[in-house]
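Presented below is the structure to which this report refers.
What follows is calculated from the coordinates using simple rules that are stated; it is not laboratory data. Worth saying up front: this structure is predicted, and the values here are computed from it rather than measured. Note that we place each Cβ from the backbone using ideal geometry, even for glycine, and neighbour counts take in every protein chain shown.
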Amino acid sequence: MTRTLPLRVTPAAGEALDSWLEALAVRFDVPLGDICRQFGIPYQGSHRPRWLLWVSADERRWIADATGIDPDRVGHCTLSTYDHKAVEIDYTKAVLNPAFPFTRHVGSRYCPLCLAESGGRWRLCWRLGWAFACLRHNCLLVDDCPRCGQPQRVTQSRWLTVPYPNRCLHSNRTEPCNADLTDAPVITLTETDQIIRTQRMLFDIIDTDRADFGVYCDYPCHARDALRDIKALAVRAFMYANRHGISAITPPTLVGGLAHHDPSPRRRTRYMSNRANIAPARAGEAAAAITAALNILREPNVADAGEHAAWMDERRVRPCYPKELNTCVQESPLVAAILIKAFAPRRGPCTQLRYKSPLAFPVAPSESQDWLRCLVQRVPAVFWPAWTVRLTPPDGRYTLPLALSCAVLLVGTDCNPRDAAHLLGDATNGSTAGQHLMALQQLPQWNDVCLALVRAGQYLATHPAPIDYARRRQLDYEDLLTEDRWNEICRQTGESPGNGMRRQIARLYLYEKISGLPARTAGFMAHSKSTIGFWLRVFNFPAEASAQFASILLGEARQFLSSKGIDEPLVWHPPLTLMHDLTLPGINLEHFGRGELRRALNEGHTTRIGHIARRLNTSNAAVRCLLDIEIDKTSITAAKYYISPHPVRDRLCVELTPAILEDRYIRQGHSLGAIARSYGVWPPLVRKLAEMYGIPLRGRPTRTSDWLYTEYAVKRRTCRDIATEVGVGEVTVRHWIKRVKSDWPPLPAITHRQIGVRASRALLSPDAMTDLQRRELRHFARALDYPTVHAAAEELAISEGNLRKQIHAVERRHSTCLIQRARRGMAQRPTPDGVRLAEAVRVAIGLG
Ligand SMILES: [Zn+2]
Ligand SMILES: [Zn+2]
């Protein structure tokens, strides 16, 4: 049963409950214990009464009944007012939760001026670790007694005496200190001082339980979270102060004051760990560190805050290790973002990618393996050409795309370039990739390049991608574009199947497309020798192959995929719009109209990527990429703009259809040479056409062939004749003969009778001869009448050389010697064959 007190003492605004009880005790001139007993609240045996933290509903009512004060107002005198805002109360243990940032478990700071003014009324907020300045008097709060240097209100043990609220209650062994706390010296500041502004801001956050200033405009939050952020930054400011002295972080207005008003330097705050939640020991230190933290958070966005926080990274003996940032993430993601922004510019490209530092809100790499697994599946070993062309300078090296792929694997993961290269199929190695990234970092546009890579990584990890490159890297490409399929495709499209190398090039082109790996890693190339020229041709393939041919090949690639049970598009890349707003060192392919490429192809009459690139004044990679896009787009209306590398053959294909060729070669028995002559083309071309059409060729001779022996040695045909017939060059036939001649059986003799028969019947029939041949024969027959060719030539009024040539031609055609040349004074004379032929000629032509 409580009794109403006869005199009322109302609690001052923001007064603590113990202060108010003392004020009552002073007013009634009784010990504090009596007041407590009067209100029914416990006091004996308790140095730190629980009711400093909270009073129960009953106690509140009893106090209200006894004093006539509103029960809620009583409640406001306890720290429960600040529960979850500036402290956290553990109601089961009746203590403050030490996990709450900057919890001050015991004691109270004070403003001597306030104490003097109010006659010893202590404010509740002075018990908070977050209070360091008096907003009424614009001064720093005082930590301890000016005489004995002990902190105040640590325990409440004087229950049995009348209290002296503005006196120091500490005593040494002999006598109490009893110093007048209102005499304590204070550090005064101006109202506009940043420390006062900081304190006002802090109380605003705590009172409204909301932070929405500066960086919090975009991420508003409760006081609790904001205080955690402030603590995380303040602690780092302390750690900076540990290295460089407290004056390094103290605002100039406070530096002088701190130096003169520091009675107990032994109680300095030293933060060795950034996990510490205890409040700074000194008000001055708290003011300096928290002001430094809030100055950073006051910036309008994370990037600016990061720039402002860069000083924390300065003059460090060791660089800030990722571990430090990782713990910071657990403490406060916002501060982690700010610190990443602050530290990233001085870190390597890998760190920047891992922490996604170019993002508006960078985050530390996630521990989860799912993210990395997603990236490994969705990134090809060779970065998408459309992206590479945009991201890298035009003169970038060919291994650069491999480095870019590794870079994407670093985004938001703990991966390093070496592991990334391994995960992507060992197409490159970590050090090469790392070097490329370092080189890219030197570019003025690096920040946007890095941002593009980060966006790509984020997009892949959070959006479904239609292609699983990890699976494609594992496929067996041995039966990609088999020889049979290749020949069939060539037959359909009228392309030349080539000698095997061309098929290999086409295979590599498809291998690159499907697997996302560089061509040189193809398993089927393992045992074949390859030159730089070969790889240039592989690179050049999209320009060399007609659009129609290439699109048929791509269809073949799709069939290959479905034969492996894979239902995926052939190629894909993340949308280029992710790079829309960025300034990148590469070439924007959207600036090239389709007409431009076509014009370059047509006007240049070229099928070399390098030539086209020079005409378009762009990079080779860009042209290759454009050609690829063209092929994809024009697969239906193919080859409209395309300049064929084989215009003659293409024309011949139209004129000499399979039906015509088959009819002439098989049914009529014309030789390939004859057919070629009738179309005015080179015989090997007709042979190629026949191969393409699948027309079986008549025994093509090899150098050991009996056929060659028969034709050359027995029938005595000339090399040119045979070459024409076979469809090869004359030199080739000579070569064959030279190789096998020694193995041939002895040549059969040609009888004179045979010559005579030939001469009379076949060769000399007027129909079978041209005018030239007729003239040659006439001159031959006339030449026999003179002793020497020289004399004959003079008589016939032609040059001696010409006549000799004509005689030779006749001899060659009849495959025998006709005249024994004049020598050593003997006149020339005809051989028996010559005599016979001359007679036959005279009869046939009528020389008479
Ligand atoms: Zn004050
Ligand atoms: Zn004292």
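Okay, here's what the table says:
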| item | result |
| --- | --- |
| Under the Karplus curve 6.51 cos²θ - 1.76 cosθ + 1.60, θ = phi - 60°, whole-Hz ³J(HN,Hα) for the range 811-820, x wherever Gly or Pro sits | 4, 5, 5, 9, 6, 7, 8, 10, 10, 8 |
| Model label zone, His790; criterion: amide N under 15 Å from point 7 Å along Cα-to-beta-carbon; scope the range 827-842 | 827-828 |
| Phi to ³J(HN,Hα) by Karplus 6.51 cos²θ - 1.76 cosθ + 1.60 over the range 616-630, Hz, x for Gly, Pro | 7, 6, 9, 8, 4, 4, 5, 5, 4, 5, 4, 4, 4, 4, 4 |
| Neighbour cut-off at most 15 other Cβ (10 Å), DSSP loop, GluC sites (Glu not before Pro), the range 443-507 | Glu478 |
| Structure-based [θ]222 nm, the chain - -39500 (n - 2.57) summed over DSSP H runs of at least 4, per residue, nearest 500 | -14000 deg cm²/dmol |
| Peptide ranges 393-399, 233-239, 686-692, 177-183 listed from the most packed, as the mean C-beta count within 10 angstrom indicates | 233-239, 686-692, 177-183, 393-399 |
| Assigned charges on the beta-carbon of Lys, Arg, Asp, Glu; the range 23-69 dipole about Cα centre (debye) | 160 debye |
| Of all DSSP beta bridges in the chain, antiparallel share, percent nearest 5 | 90 percent |
| Label-to-label distance, nm, for residues given as Ile798 and Gln442 (7 Å Cα→Cβ offset) | 7.6 nm |
| Label point 7 Å beyond Cα of Ala310 along Cβ direction - residues of the range 210-252 with amide nitrogen under 15 Å | none |
| Distance violations [Cα-Cα > 18 Å] among Lys529/Lys564; Lys85/Lys231; Lys715/Lys741 | Lys529/Lys564 |
| Dipole-positive endmost among Ile196, Asn172, Ala232 within the range 138-236 (Cβ charges, Cα centre) | Asn172 |
| Length released on extending from Val740 to Leu570, taking residue separation times 0.36 nm less the Cα-Cα span | 56.0 nm |
| Interchain or long-range residues, amide H under 5 Å from Val95's placed H | Asp90 |
| Relative contact order, percent, the range 11-106 [alpha-carbon distance under 8 Å, six or more residues apart] | 21 percent |
| Label-point separation in nm, Tyr164 to Asp395, each point 7 Å along Cα→Cβ | 8.5 nm |
| Electrostatic dipole magnitude of the chain [Cβ: Lys, Arg +1; Asp, Glu -1; Cα centre; debye, to 20] | 4080 debye |
| Order by protection proxy (mean Cβ within 10 Å, highest first), peptides 374-386, 188-200 | 374-386, 188-200 |
| Residue order, fewest to most beta carbons within 10 Å, for Leu402, Leu96, Leu796 | Leu796, Leu96, Leu402 |
| Fewest-first sequence of Tyr110, Tyr665, Tyr693 by Cβ atoms within 10 Å of each Cβ | Tyr693, Tyr665, Tyr110 |
| Local electrostatic count, Asn429, Cβ distance below 13 Å [Lys/Arg +1, Asp/Glu -1] | -1 |
| Sites Arg775 and Glu839, calculated FRET efficiency, Cβ-Cβ separation with R0 22 Å, nearest 0.05 | 0.75 |
| Sequence ranges 787-793, 524-530, ranked by mean other-Cβ count within 10 angstrom, highest first | 787-793, 524-530 |
| Two-site label geometry, Ser496 and Arg346: point separation in nm, points 7 Å out along Cα→Cβ | 6.4 nm |
| Fewest-first sequence of Trp707, Trp54 by Cβ atoms within 10 Å of each Cβ | Trp707, Trp54 |
| Efficiency of FRET from Cβ geometry, Glu483 and Asn277, R₀ 56 Å, rounded to 0.05 | 0.15 |
| Farthest positive-ward along the chain dipole, Cα basis, beta-carbon charges - from Thr482, His814, Pro300 | His814 |
| Calculated FRET value between Asp706 and Phe524, using beta carbons and R₀ = 51 Å, to 0.05 | 0.85 |
| Given charges at beta-carbon only (K, R positive; D, E negative), |dipole| of the range 20-177 in Debye | 300 debye |
| Chain lengthening between Arg200 and Phe28 when straightened (0.36 nm per residue, less Cα-Cα) | 58.3 nm |
| The chain, relative contact order [Cα under 8 Å, separation at least 6], % | 7 percent |
